[in-house]
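Encoded as structure tokens, the structure appears first; notes follow it.
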Amino acid sequence: MIPATFDYFRPETLDEAAALLAQHGEDAKLLAGGHSLLPSMKLRLAQPRVVIDLGRIPGLNSIRESSGKIVVGAMTTHREIELSSLLAEKCPLLPEVATQIGDVQVRNRGTIGGSLAHADPAADWPAAILALEAEMVVFNRGGERRIAAEEFFVDLFQTAIQPDEILVGIRFPVTSRAVAYSKSAQKASGFAIAGAAVVVHARNRAVRIGITGVSARPYRASATEKGLKGKPLTQEAISAAAVSAADGIDPLNDIHASNEYRRHLALVNTLRALELAASRC
Amino acid sequence: MTVSKRTGYFGKSIKRVEDPRLIKGIATYVDDLRLAGTLHTMILRSPYAHAKILSIQTGAAAALEGVVGVFTGTDINPNCGLLPCAAEAPDLKSPKHTVLANGRVYYVGHPVAVVVAADRYAARDALDLIEVDYDSLPVVSDPEKALQDGSPLTHPELGTNVAFTWSVASGDLDAEFAKADRIIKQRMVHQRLTPMAIEPRGCVASYNAGDGALTLWTSTQIPHLIRTLLPGMIGIPENRIRIVAPEVGGGFGSKLNLYVEEALCSHLSMRLKAPIKWIESRRENAMATIHGRDQVGEYEIAVKKNGTILAIRAKTIADIGSYLQLLTPAIPTLTGLMLPGCYKMNAIRMDVTGVYTHKMSTDAYRGAGRPEASYAIERIMDLVAADLGLDRIKLRLKHFPKPDKFPFHTASGLTYDSGNYRATLKKAQKLASWDTLLKRQAKERKSGKLFGVGVSTYVEICALGPSKMMAAGGWEWGCVRIEMSGKVTAITGVTPHGQGQETSFAQIVADHLGVPMEDIVVCRGDTSVAHYGRDTYGSRATALGGTALIMCIDKIVAKARQLAAHLLRAKVEDVVFRDGQFLVKGAPKTNIGWATLAQEAYLAKNLPANFEPGLEASSFFEPTNCTYPFGTHIVAVEVDRSTGEVKIRDYVAVDDCGHQVNPLLVEGQVQGGIAHSLGQALFERTVYDEEGQLLTGEFMDYPLPRAKDIPDYVMGSTVTPSPSNPMGIKGVGEAGTIGATPAIANAVMDALAPLGIRHLDLPLLPEKIWRAINDR
């Protein structure tokens, strides 16, 4: 449980971090909460030559409202999201997801940006990011750009973040209370075997559903969304639509859940999240 | 035996005196030891389950800065003996268990080479520089396939995968089966488990070349047994070996063993003349510390229409992994012996086949063979009741021996010391509000829920045991010394590592000497202090170690009485001992206490003629029989029809472990045991794939029960003293793991019964249940 030798940098500014990243390129790993990176370094599954700790850069750890959007800094911990009164009021799906991540100790260290950049297919945040149609804000020496949720997740542990880019924040819309997250957790790790996040847009009778844990890449349950478009969220409508929550998906298969069971749990959790969100309309 | 009425500690719930140091983080575990000049080791382990080692290149590793040496089997094995197994079986075939792999590896995690370095970092870096060329060989992973003709062999030189066979048989089995109205059959799998003590193993060996003496600090349950066994491996006599078990962070049987790493570090310390430290990582712990359970049994039960169970016939395959560890072959024999549970029957036969596979060895894990037995017999009772349409409670009551039938001779040849099975069952039913619970179940079922109620009435074997049935003595040793100041040192040969005997033994000693508990220090776990002992396993420590201490006190009191008579100028027969004071009969004001007596005994200026100075005695206690604790657990569960998940709604445990020294400790043991059971019943399992790769080598993949998994327990007890020891204690360290697993399993199967599901094997994973529901 001892990592391979590496150089450690702790930049004080974002520019400094971006410069280090540009200099070291793929030899470098960014350290946020360390809850995925450090264990894999200790097992020597990851052996970066350079670790750049983002922990002292001011401004990355914040939750604020800015011109009608909610902006969460990448270094904001799960626990801070869980306890945020601003989010409870303006984007309640985020605290609801946060409470279902790991345990309090994990939530005190782990960050939303670290989790998203790591892109573990069983992490909880991707479901919320997709359902909320969030935007990821990334930074390099050339400045900032935004990546839409649908384009962000590329594959197993792969995102659209370029090697010289740092995820600095996530922009969320303000939502009503009609949101929900339902998850079947892997018993040992607590990660999602299947997790479904639902956002109901009551005004235009649309729902957005993000699903994590089921396939190599988190996805939007488009068929279910389509099935509910323009309809009142009755029990019948929800039940009929939820069965398509894994259409066209090739589920993962491991000792914790077969692909068949994963597919089933995608449907069950979609149904449950829809019911819960509908009850909050 | 005189017990002080004044102190009255026995039977009181007293908080553990061990806890403050543990809670404050100031206890000393092996890894906390910092000996000057310590060298650190790391072990290179096989990534293959079965392979030939073609070559090992250690040059680059040895050249790394900070590395002192890199050693392989060629360097080490000629200088170390083979790892011994203490258990016997008539036809036992044993491969040579060398300290490091000898040209071939037999499981993932098999030690191949060892690096010794100035620090852990250099040692770890050096591991990556060792180049091993393996030629992978066919893997034996499934114990049933291992028995088929043409299966690859785990150890080709043995010519078979069968390690041993063992049978227990009594009564006229064929006649009983001929009399049966019906023969009920069931196959049951008892899955492999990983003990996962929170503190992994580790040791520090320090050889003193001047004295030719070795001290080994190791995270173990059995320093004394190691002191007996290690000389044969490293060539130092036992009186030059000191073994210390410092604070031990959990054992559960996984540290009831002598491991190759202990011999390896001892040898390296002698060879390099420096203290050697090895600390196991979690991944190593999962792959190279013993596993538990892993049996497949085929059971046939001969029954009469009225439910009378005539006989049981069982064939069990025990997957014992690649090597014999200390007690490996003995574990499934405990299953055979305990198979009748707490029931009368006329005949029994169980044939055990121990099978080698390319996996880590199995050995004693909390319950050690008895959870397999209690699970089998308690599932059998429910299956018989279900198949014959009988009430499961009445069926159990019908087969209980009555309290006046004890000592009760079982169909498997054991003699149960004492029991009142009906009393625990009735008490548990009362605490569970049985009739209301069944009504609630009916209501829940009507509303479409899968609601189950499960019962198990278990019995187990503890306080192991009379020496004639043990491999290396089953007695226990103790020593009590009244110090010159009047303070008391009690030294025990058992090695508590979480069980709380520093507290419970202080209670016992305080009561018997009539002194405050605070005046007593209980020493354990160091063979230079506790010279002899047979350590802690098999829920033996309090019944046997506690009794040894009382025997010491009886000797001390007898001696002190002579001194008191001398000092009080009275006849010995006129001096009585009461509540910590020696009094002269008829003149109670003429008395003398321990402080004065101790001072006189050690100053030795005014002693009776031929009186040895000092106030100290040691004793060996040899039990006449084991003890047989028992109890009833009742569980209510709800199964989620859509996901197959199980939720525990109610949990009632009534246990009878005889007299209780400290009910708080008893409750803690039962609660912890139930937690272990919950894991086994619902989600824990060690998974190897067909290539012998371990897929559950981390806490990311091996689930242990967590606080939120644990239901609120309703706990109770009955007291049926054991006649096997003077305090009437039975033992409780493993009871929870033995009683609870079948109760939970029976509850889940009861929940699924309306769907026509008869039996599912452990663990009752949501997906397994979901499939069973949807296969209907």
Handout entry: Dipole of region A:63-173, positive direction: furthest Cα of A:LEU94, A:MET75, A:PRO126, with charges on the beta-carbon
Key = A:MET75
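Please compare each pair in B:LYS93/B:LYS145; B:LYS405/B:LYS439; B:LYS426/B:LYS730; B:LYS427/B:LYS730; B:LYS446/B:LYS708; B:LYS555/B:LYS585 to a cut-off of 26 Å on the Cα-Cα distance and tell me which ones are over it.
B:LYS405/B:LYS439; B:LYS446/B:LYS708
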Handout entry: Value of relative contact order over chain A, rounded to a whole percent, pairs C-alpha under 8 Å and six or more apart
Key = 16
Practice task
Given the peptides A:162-171, A:10-19, arrange them by the average over their residues of other C-beta atoms within 10 Å, most packed first.
Solution key: A:162-171, A:10-19
Exercise for the section: Collect residues whose amide H, placed 1.01 Å from N in the peptide plane, falls under 5 Å from the amide H of B:ARG45; neighbours closer than 5 in sequence don't count. Expected result: B:VAL112
Completion exercise
Here the relative contact order (percent) of region A:179-279, from C-alpha pairs under 8 Å and at least 6 apart, is 31
Exercise for the section: With a ≥ b ≥ c taken as the square roots of the eigenvalues of the C-alpha gyration tensor of region A:160-281, please select rounded if a/c is under 1.5 and otherwise prolate if a/b is larger than b/c or oblate if it is not? Expected result: oblate
Practice task
May I ask you to give the solvent-accessible area per residue for region A:7-53, in square angstrom, as obtained with a 1.4 angstrom probe?
Solution key: 52
Problem - Rough spin-label spacing in nm, given labels placed 7 Å along Cα→Cβ, for B:ALA36 and B:ALA442 - result: 7.9
Fill in the blank from the handout: Compactness summary of chain B: radius of gyration and Dmax from Cα atoms, Å, are 27.6, 88
Problem - Probe 1.4 Å, protein heavy atoms only - accessible area per residue of region A:179-279 in square angstrom - result: 39
Exercise for the section: Measure up B:LYS179/B:LYS344; B:LYS255/B:LYS647; B:LYS179/B:LYS398 against 21 Å on the Cα-Cα distance and list the ones that go over. Expected result: B:LYS255/B:LYS647
Handout entry: region A:179-279 - charge dipole about Cα centre, Lys and Arg +1 at Cβ, Asp and Glu -1, debye rounded to 20
Key = 360
Handout entry: Candidate residues B:LEU129, B:LEU388: accessible-area rank, largest first, probe 1.4 Å
Key = B:LEU129, B:LEU388
Problem - Residue order for B:GLU262, B:GLU483, B:GLU157 - accessible surface, 1.4 angstrom probe, largest first - result: B:GLU157, B:GLU483, B:GLU262
Completion exercise
Helix A:14-24: inclination vs chain A longest Cα principal axis, degrees, rounded to 10, gives 70
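When the accessible area of the protein assembly as shown is split by element with a 1.4 Å probe, what percent falls to carbon and sulfur?
51
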Practice task
Just flag the trypsin sites (Lys or Arg not before Pro) in region A:1-104 sitting in loop per DSSP whose Cβ has no more than 15 other Cβ atoms within 10 Å.
Solution key: A:ARG44, A:ARG49, A:ARG56
Handout entry: Residues losing 20 Å² or more accessible surface upon assembly, region B:696-741, compared with the chain by itself, 1.4 Å
Key = B:GLU698, B:MET700, B:ASP701, B:PRO703, B:ARG706, B:ASP709
Fill in the blank from the handout: When B and A pair up, the total accessible heavy-atom area removed from solvent (1.4 Å probe), in Å² to nearest 100, is 2100
Handout entry: Proximal lysines relative to A:LYS42, as straight alpha-carbon distance under 21 Å, when same-chain residues fewer than 8 apart are discounted
Key = A:LYS29, B:LYS277
Problem - Rounded to the nearest 10 Å², the accessible area of A:PHE191 at probe 1.4 Å - result: 60
Problem - Interface residues in region B:89-125 - accessible area drops by 50 Å² or more relative to the isolated chain, probe 1.4 Å - result: B:ARG124
Practice task
List the residues of region B:499-528 whose backbone N lies under 17 Å from a point placed 7 Å from the Cα of B:ASP19 along the Cα-to-Cβ direction.
Solution key: B:499-507, B:518
Practice task
Pop out a list of residues from region A:228-260 that are at least 20 Å² less accessible with all the protein chains around than in their chain alone; 1.4 Å probe, no ligands or nucleic acids counted.
Solution key: A:ILE255, A:HIS256, A:SER258, A:GLU260
Fill in the blank from the handout: Relative contact order of region A:63-173 (C-alpha contacts under 8 Å, at least 6 apart) in percent is 30
Fill in the blank from the handout: To the nearest Å², the heavy-atom accessible area per residue of region B:381-485 with 1.4 Å probe amounts to 43
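What is the magnitude of the charge dipole of region A:1-75 about its Cα centre, with +1 placed on the Cβ of each Lys and Arg, -1 on the Cβ of each Asp and Glu, and no other charges, expressed in debye to the nearest 20?
Dipole size: approximately 280 debye.
Please report the antiparallel percentage of the DSSP beta bridges confined to region B:614-759, to the nearest 5.
Values: 12 of 17 bridges.
Percent antiparallel among DSSP bridges in region B:614-759 is about 70.
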Problem - Rounded accessible area of A:HIS118 (nearest 10 Å², 1.4 Å probe) - result: 60
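The values are calculated or read from the model by the stated rules, or taken from the named source; none is laboratory data. None of the values given here were measured: they were computed from a predicted structure. Here the Cβ is made from the backbone with ideal geometry for all residues, glycine too, and neighbour counts use every protein chain on show. Heavy atoms of the whole protein, side chains included, go into the accessibility calculation; ligands, DNA and RNA do not. Shrake-Rupley method; radii C 1.70, N 1.55, O 1.52, S 1.80 Å.
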